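Right, one structure below, let's go through it.
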Amino acid sequence: MCSPVSIFVSANPGAHRFRDLRPRQHPTAYREPAVAFAIVLLTTALVIVVALLAAAGAGKLARMDGATYPAALTHAATTFATVITLVATVTATLTALLS
């Protein structure tokens, strides 16, 4: 004869197997500062790349317009500083609004 088999399944069938693992699980709260730091680092890198591209474009346009190399470099530096300042202003405004 076969052993009796229950046809009823409990509401949470895996709970009895994983009950002893609950106290040993590590909290994930310690990962949040690292994720925030990574987001800040990647955003900063993206802003710098966009500012450098805008500066290169401004320098190239100034040079195509007939400006000398020092004048084109001045235009590029001004554009780079303007983009960085704009991003800092938008960040400060959003921080004030979202806090």
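The values are calculated or read from the model by the stated rules, or taken from the named source; none is laboratory data. Predicted model only: the values in this text are computed from it and were never measured. Here the Cβ is made from the backbone with ideal geometry for all residues, glycine too, and neighbour counts use every protein chain on show.
Conditions: (1) of a type in the set (Gly, Ala, Ser); (2) under 31 Å from the mean Cα position of the chain (by Cα); (3) modelled with pLDDT of 95 or more. SER99 meets all but one. Number of the miss?
Evaluating SER99 over (1) of a type in the set (Gly, Ala, Ser); (2) under 31 Å from the mean Cα position of the chain (by Cα); (3) modelled with pLDDT of 95 or more leaves (3) as the failure.
Of the residues that make up the stretch 49-60, is at least one out of contact with any Pro (no Cβ under 8 Å at 6 or more places or on another chain), assigned to a loop (DSSP other than H, G, I, E, B), modelled with pLDDT of 90 or more and hydrophobic (A, V, I, L, M, F, W, C)?
Within the stretch 49-60 (the criterion being out of contact with any Pro (no Cβ under 8 Å at 6 or more places or on another chain), assigned to a loop (DSSP other than H, G, I, E, B), modelled with pLDDT of 90 or more and hydrophobic (A, V, I, L, M, F, W, C)), the answer is no, since none of the residues qualifies.
Against the condition free of Cβ contacts under 8 Å to residues at least 12 places away in the same chain and either in a helix (DSSP H, G or I) or in contact with a helix residue (DSSP H, G or I) (Cβ under 8 Å, 6 or more places away or on another chain) (or both), how does THR89 come out, does it pass?
Details: free of Cβ contacts under 8 Å to residues at least 12 places away in the same chain: yes; either in a helix (DSSP H, G or I) or in contact with a helix residue (DSSP H, G or I) (Cβ under 8 Å, 6 or more places away or on another chain) (or both): yes.
In short, yes.
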